[in-house]
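Everything below concerns the one structure shown next.
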Amino acid sequence: MATADGKEAAQGLRIVAPPLTYAVLMLGIPLLTILAYSFFKDGYLTIVREFTLENYRAVWADPIFRTIMIRSLSVAAMVTLATVLLAFPVAYFLSFVVTPDRKALWIFLITIPFWTSYLIRVFLWKVILGYNGVINSGLKSLGVIEQPLSFLLYNTGSIVMTLSHAYAPFAILPIYVALEKIDRSLLEAGRDLGESRLMTFWRVTLPLAMPGVLAAVLIVFIPVIGDYVTPTLIGGGKIPMVANMIQAQMLDIDNKPLGSAMAVTAMLVVAIASLLFLLANRRFLRVRQ
Amino acid sequence: MNGRFQGGGLRAYAILYLLFLYAPILLLPIFAFNAGTIVAFPLKGFTTGWFVQMWDNAALRKALTNSLIIAFSASILSTCLGTFAARASTRFRFPGKGAAIGLIMMPLVMPEIIVSMSLLVVLLAVGIELSILTVILGHTLICMPYAVAIMTTAFSSLDKSLEEAAYDLGETRFSAFRLVILPLVMPGIISAMLMCFTVSLDEFIIAFFLAGNEPTLPTYIFSQLRFPKSIPVIMALGTLLVLASIVLLGIAEYFRRRGIARTGAKDTGGFL
């Protein structure tokens, strides 16, 4: 039996080897390189391979980095809140109201915008909100306003709006999957024991759906914090988020060690924020089994 | 009665939500066929001129060729690699499986800026010149998780006894895979390739940083956004890109469902 297991393990390892090697070469090693660079010194056009913590000291002492990191965190938090709150009723509708044979169609309809060019979707918001954009020109031709509204674009609100729209489908799927797993007889039991529809939802459905909600929060929060395109286009380059800062440091300023330290710091901050969030909600994860 | 009402309210909300999702995209064809040179209301009349201009644009044709080469290569490579990973994770137990599959799936949750910057640093350090080849390498990495997800569904709905029957009938491991398993998961493979093709075609960040001077469709679009004059052409291009994505995804969905029907499993819906 042990040899059979060993043979199976060897075969499994052989089969997973090509994709694993690729992921190690193209993702693992680059990430480790960034980590190593963050402890090196920046020489002119070269990297001095000498251990130093100076980069991290510089990153933490930099008030601009702090401002931008806080901005990225709060934008991501607002986007996450908006997408998850808006998505929950849709996921609930998909799971509890739509008949089984129509579910695949609904999910297909919801995921299509997600698969269409992200750049174009973001740019369209610029077209909508711009000085001569759809909203302003529409309101003007209707005679509602005389002068274009200038507060629509190039602010944090428009960034949050655009990102919430772009990441909307991300939040629906994990919540939907969690709702699908709920044993429907539990809901009937709740009703039979005299709970109202609302209380059944509050005390049975919602706690059981929480693992999906937590997954949705992380799946939106993490990529939003690293978003590059929206601050560039919708923020007009004047409201950078952490991705823009890392990119500028790496390429425009060409200080790769400092840029690497920023990237590592940002990843650490995101990881810690995610862990704290999960820790604060751990009772919902235990409920599951 | 109460239940029906509740369902009705939720349905209305879900339809409004879909409208919100699609509203910006619906602007694309409106302005792609609008005769006015600026993208604004009121509309100026119907024209197909922007599409003609688009077709006559040599830089755009170059970007299209590059994008197609990249998407084609990346979709084949990532589907091959993803099929290996999915096969290993659904059929075999081996040490470090969780960590291995975790690393392979990681690009799905990593911010693309981190993926592209770290890859760029290594490419520059090794001295590889940036070209469409480096974009193919990056796109293969980020498309792989999608292929793994689709192929995992395809493999896990497979009945193991079919494979065992093939062994009992004297097939080798390889010929059983080729003659029994491969045909059964073929719809999944096609679906994964189309999905990866779409992801690669639309991907911007990695193409932006790893392509050197070679344009792809998204980076070409990005470079043109600064010029108000070229926005109508971009709207026309966007219309075609979105249309292409929907057609590709529609075909992918068709094959995904056919694959599930072929192995006799229950459709759980959705790609992810």
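Taking residues in the stretch B:117-135 that are within 12 Å of chain A (Cβ to nearest Cβ) and of a type in the set (A, V, I, L, M), and partners anywhere that are surrounded by fewer than 17 Cβ atoms within 10 Å (Cβ to Cβ) and in a helix (DSSP H, G or I), the pairs with Cβ atoms closer than 7 Å and at least 6 places apart or on different chains are B:Val122/A:Ile29.
Can you say whether A:Arg191 is touching a Ser or Thr at 6+ places or on another chain (Cβ under 8 Å) and free of Cβ contacts under 8 Å to residues at least 12 places away in the same chain, as far as the supplied structure shows?
Yes, satisfied.
Listed here are the residues, each with its yes/no results for (1) of a type in the set (A, V, I, L, M, F, W, C); (2) over 30 Å from B:Gly82 (Cβ atoms).
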site	(1), (2)
A:Gln11	no, no
A:Arg14	no, no
A:Leu32	yes, no
A:Phe40	yes, yes
A:Glu50	no, yes
A:Leu53	yes, yes
A:Arg57	no, yes
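Counting only residues that are more than 10 Å from every other protein chain (Cβ to nearest Cβ) and touching a residue at least 24 places away in the same chain (Cβ under 8 Å), which one in the stretch B:214-224 is farthest from A:Tyr118 (Cα to Cα)? Ranking the candidates gives B:Glu214 first. Checking each residue in the stretch B:199-212 for being among the hydrophobic types (A, V, I, L, M, F, W, C) and part of a helix (DSSP H, G or I) picks out B:Val199, B:Leu201, B:Ile205, B:Ile206, B:Ala207, B:Phe208, B:Phe209, B:Leu210. For the stretch B:196-210, indicate whether the set of residues that are of a type in the set (Asp, Glu) and either in contact (Cβ under 8 Å) with a residue 40 or more places away in the chain or surrounded by 20 or more Cβ atoms within 10 Å (Cβ to Cβ) (or both) is non-empty. Within the stretch B:196-210, one or more residues are of a type in the set (Asp, Glu) and either in contact (Cβ under 8 Å) with a residue 40 or more places away in the chain or surrounded by 20 or more Cβ atoms within 10 Å (Cβ to Cβ) (or both). Answer yes if at least one residue in the stretch A:134-150 is at the interface with chain B (Cβ under 7 Å from one of its Cβ atoms) and touching a helix residue (DSSP H, G or I) at 6+ places or on another chain (Cβ under 9 Å), and no otherwise. Yes; the residues of the stretch A:134-150 include at least one that is at the interface with chain B (Cβ under 7 Å from one of its Cβ atoms) and touching a helix residue (DSSP H, G or I) at 6+ places or on another chain (Cβ under 9 Å).
When B:Ala99 is tested against (1) closer than 23 Å to B:Asp202 by Cβ; (2) within 11 Å of another protein chain (Cβ to nearest Cβ); (3) of a type outside the set (Lys, Arg), exactly one condition is not met: (1).
Matching residues to (1) surrounded by fewer than 24 Cβ atoms within 10 Å (Cβ to Cβ); (2) touching a residue at least 12 places away in the same chain (Cβ under 8 Å):
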{"position": "B:Met144", "(1), (2)": "no, yes"}
{"position": "B:Ala149", "(1), (2)": "yes, yes"}
{"position": "B:Ser156", "(1), (2)": "yes, yes"}
{"position": "B:Asp159", "(1), (2)": "yes, yes"}
{"position": "B:Glu163", "(1), (2)": "yes, yes"}
{"position": "B:Asp168", "(1), (2)": "yes, no"}
{"position": "B:Leu179", "(1), (2)": "yes, yes"}
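To keep it simple, each residue is scored yes or no on (1) outside any helix (DSSP H, G or I); (2) touching a helix residue (DSSP H, G or I) at 6+ places or on another chain (Cβ under 7 Å); (3) not hydroxyl-bearing (Ser, Thr, Tyr).
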{"residue": "B:Ile189", "(1), (2), (3)": "no, yes, yes"}
{"residue": "B:Ala192", "(1), (2), (3)": "no, yes, yes"}
{"residue": "B:Phe197", "(1), (2), (3)": "no, yes, yes"}
{"residue": "B:Glu214", "(1), (2), (3)": "yes, yes, yes"}
{"residue": "B:Phe222", "(1), (2), (3)": "no, yes, yes"}
{"residue": "B:Lys229", "(1), (2), (3)": "no, no, yes"}
{"residue": "B:Pro232", "(1), (2), (3)": "no, yes, yes"}
{"residue": "B:Thr239", "(1), (2), (3)": "no, yes, no"}
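Within the stretch B:55-67, the set of residues being in contact (Cβ under 8 Å) with a residue 12 or more places away in the chain and more than 14 Å from chain A (Cβ to nearest Cβ) comprises B:Asn57, B:Ala59, B:Leu60, B:Lys62, B:Asn66. Here is the figure for the stretch B:90-114: residues that are more than 22 Å from A:Thr46 (Cα to Cα) and either acidic (Asp, Glu) or part of a helix (DSSP H, G or I) (or both) total 16. The sole residue among A:Phe201, A:Phe221, A:Phe170 that is within 30 Å of A:Leu275 (Cβ to Cβ), without any contact (Cβ under 8 Å) to a residue 24 or more places away in the chain and of a type in the set (Phe, Trp, Tyr) is A:Phe201. Residues that are outside any helix (DSSP H, G or I), of a type in the set (Ser, Thr, Tyr) and closer than 30 Å to B:Asn213 by Cβ within the stretch B:128-180 comprise just one, B:Ser131. Pairing each residue of the stretch A:21-36 that is closer than 19 Å to A:Val48 by Cα with any residue that is acidic (Asp, Glu), provided the two are 6+ apart or on different chains, yields no C-beta distance under 6 Å.
Listed by first and then second residue, the pairs with beta-carbon distance under 7 Å, at least 6 apart or on different chains, first residue in the stretch A:233-248 and farther than 22 Å from A:Ala261 by Cα and at pLDDT 85 or above, second among the small types (Gly, Ala, Ser) and not in a loop (DSSP other than H, G, I, E, B), are A:Ile234/A:Ser158. For the stretch B:24-42, filtered to residues that are buried (at least 21 other Cβ atoms within 10 Å of the Cβ) and of a type in the set (Gly, Ala, Ser), the residue that is nearest to the other protein chains (Cβ to nearest Cβ) is B:Ala40.
Take the residues of the stretch A:89-105 that are touching a helix residue (DSSP H, G or I) at 6+ places or on another chain (Cβ under 6 Å) and more than 8 Å from every other protein chain (Cβ to nearest Cβ): which is nearest to B:Phe197 (Cα to Cα)? Restricting to residues being touching a helix residue (DSSP H, G or I) at 6+ places or on another chain (Cβ under 6 Å) and more than 8 Å from every other protein chain (Cβ to nearest Cβ), the top hit is A:Ala91.
The values are calculated or read from the model by the stated rules, or taken from the named source; none is laboratory data. These figures come from a predicted structure and were not determined experimentally. Heads up, the Cβs are rebuilt from the backbone with ideal geometry, glycines too, and the neighbour counts pull from every protein chain shown.
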